[in-house]
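Undergrad: The structure under discussion is supplied below as structure tokens; questions concerning it will follow.
The values are calculated or read from the model by the stated rules, or taken from the named source; none is laboratory data. These numbers come from a predicted model, not from an experiment. When we count neighbours, we look across all protein chains shown, and the Cβ atoms used for this are built from the backbone with ideal geometry, even at glycine.
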């Protein structure tokens with residue numbers, strides 16, 4: 001059974017649909033547009049998308065920092081779950097976010113990459129971007145504790 | 001006039017009421033309970049409070065990471081504004097958040113302290129706590145770019 | 001015996017002398033002036049001092065960033081050891097350093113405070129300063145993994 | 001003249017030899033083996049190498065955290081200089097280091113990538129590795145202030 005196999009960074013246990021279904025159930029109170037969803041999942045990498053609503057805007061009409069950080073956290077959470085499966089309760093232990101460029105309104109993408117998946121900690125690199133993945137609006141390092 | 005004085009970490013230009021009024025106008029789309037408010041402002045320090053609603057909960061019934069990070073960012077933003085005044089447009093350039101303890105439902109407090117207020121960057125230490133300020137649920141380092 | 005007691009943030013198992021003796025043995029290759037030493041240890045807090053030599057200077061005659069970061073790491077390591085004792089092998093899992101002010105030549109002090117001492121991770125706040133503890137030259141968040 | 005052109009992330013002003021010559025002059029007190037050197041420079045990316053000596057070892061025979069952090073800082077400094085040229089005095093404003101895997105003795109490599117080169121701040125991603133670049137021993141986010 002999958003649940004008995006060791007955790008591995010070279011195989012995933014949940015695909016994009018399974019991840020989205022799990023998160024919709026886990027966060028019943030969050031609104032559409034406030035959380036984003038997974039569009040692709042592969043070993044060591046997931047891609048996510050969010051279509052922020054008006055509540056996500058900050059002065060100047062840009063997408064707010066907390067929206068970006070919450071989205072990066074979601075992408076990292078999905079990447080951990082993809083590898084360890086829906087059984088475990090993982091929690092963020094640290095999130096470092098660098099704001100690099102103005103985040104203009106419209107769809108926002110995130111690419112989350114596994115830097116290291118250990119038994120107790122998963123460390124990930126998340127790039128947040130809008131029109132050009134090579135010019136990210138933000139970059140996050142996210143550490144999750146695995147129970 | 002206040003607007004012509006040099007920026008100083010030893011005096012504030014906006015008190016708690018002025019800060020709350022400014023932020024309510026700056027973030028017209030945010031709901032009560034999603035942003036928090038300033039309860040006290042002094043040179044080098046502000047204290048803020050948030051009463052998170054159900055949308056702020058994560059699996060396990062705890063207050064979510066993005067809620068905590070957004071609240072820490074708001075406290076840092078208020079601390080910068082308190083010192084530079086409402087005229088300028090400050091933006092977060094980096095936010096590092098350490099999740100230290102489970103954040104149980106109920107009012108959440110933040111104490112934001114100025115580590116350095118420079119001409120171009122403000123670096124702040126923010127402690128987020130619930131029942132005991134000496135046992136913070138989270139700690140943030142927040143850097144704002146000052147235009 | 002101390003070694004059998006649970007780890008606690010409210011009592012220390014090693015004082016300044018014991019910490020310095022342990023670290024001198026653990027780092028036999030490091031030179032005087034490159035590592036610093038503990039001057040005081042108490043529950044939740046240690047203070048350390050370093051007298052950097054010429055090799056620690058960077059262009060402009062200031063004390064280099066790596067010297068400051070290494071010193072902050074040493075202070076955090078000593079703070080962990082003070083609480084868990086010399087038996088365990090703790091390793092840094094993350095270190096975030098904010099450079100706040102120029103670090104002028106001369107003795108440098110560090111105050112390391114325990115933010116949370118868990119079973120697996122210790123998270124600490126370290127303030128590095130020269131002449132005025134209220135105007136730190138740097139601030140670090142250091143996370144140690146406890147085996 | 002190069003000195004009058006605007007700063008650009010798409011062209012470099014110093015190659016590996018020029019960077020190494022500049023840093024040798026800037027850090028006259030540092031020993032061989034304590035600083036590392038640049039092996040390749042291109043727009044947006046430099047690669048560096050260090051051959052740490054015995055003083056760089058920590059308990060357990062691994063390469064110490066401060067050695068890794070100092071090396072990552074050097075790589076970031078070289079990447080900034082490659083783009084802005086030797087005229088300007090850049091200083092680190094923040095360095096966040098994630099320790100991912102044990103760093104075994106032997107040559108250590110760093111790949112530093114520019115995330116954003118602004119007028120006032122440069123933000124970089126640095127990967128530190130030994131035998132396999134896809135399994136980094138450490139990852140750093142480094143921010144430099146550009147005068």
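Undergrad: Go over the candidates A:11, A:24 one by one and state the one that is surrounded by fewer than 21 Cβ atoms within 10 Å (Cβ to Cβ) and not in a loop (DSSP other than H, G, I, E, B).
TA: Only one candidate qualifies: A:24.
Undergrad: Further question on the same structure: For region C:83-91, check the following and say yes or no: at least one residue is in contact (Cβ under 8 Å) with a residue 40 or more places away in the chain, surrounded by 17 or more Cβ atoms within 10 Å (Cβ to Cβ) and at positive phi.
TA: Yes, there is a match, as at least one residue in region C:83-91 is in contact (Cβ under 8 Å) with a residue 40 or more places away in the chain, surrounded by 17 or more Cβ atoms within 10 Å (Cβ to Cβ) and at positive phi.
Undergrad: Give the residues of region D:88-120 that are at the interface with chain A (Cβ under 10 Å from one of its Cβ atoms) and modelled with pLDDT under 95, sorted by residue number.
TA: Hit for region D:88-120 is D:118, nothing else.
Undergrad: So which residues in region D:118-147 are more than 19 Å from residue D:40 (Cα to Cα) and surrounded by fewer than 21 Cβ atoms within 10 Å (Cβ to Cβ)?
TA: Correct list: D:118, D:119, D:120, D:135, D:145, D:146, D:147.
Undergrad: Sort through A:120, A:116, A:101, A:127 and tell me the only one that's over 17 Å from residue A:78 (Cα atoms) and in contact with a strand residue (DSSP E or B) (Cβ under 9 Å, 6 or more places away or on another chain).
TA: Sole residue among the options that is over 17 Å from residue A:78 (Cα atoms) and in contact with a strand residue (DSSP E or B) (Cβ under 9 Å, 6 or more places away or on another chain): A:101.
Undergrad: Search region D:16-50 for residues being over 11 Å from the mean Cα position of the chain (by Cα) and on the phi > 0 side of the Ramachandran plot, and hand back the single one that is modelled with the lowest pLDDT.
TA: Here the residue is D:33.
Undergrad: OK, next. For region C:104-114, which positions are surrounded by fewer than 22 Cβ atoms within 10 Å (Cβ to Cβ) and at negative phi?
TA: C:104, C:105, C:107, C:109, C:111, C:113, C:114
Undergrad: Now a separate question. If I filter region D:71-87 down to residues being under 27 Å from residue A:134 (Cα atoms) and touching a helix residue (DSSP H, G or I) at 6+ places or on another chain (Cβ under 8 Å), which single residue comes out as nearest to the other protein chains (Cβ to nearest Cβ)?
TA: Once the filter is applied, the top-ranked residue is D:73.
Undergrad: Sticking with this one: Scan region D:37-63 for residues that are exposed (fewer than 15 other Cβ atoms within 10 Å of the Cβ) and either assigned to a strand (DSSP E or B) or touching a strand residue (DSSP E or B) at 6+ places or on another chain (Cβ under 7 Å) (or both) and jot them down.
TA: D:39, D:40, D:42
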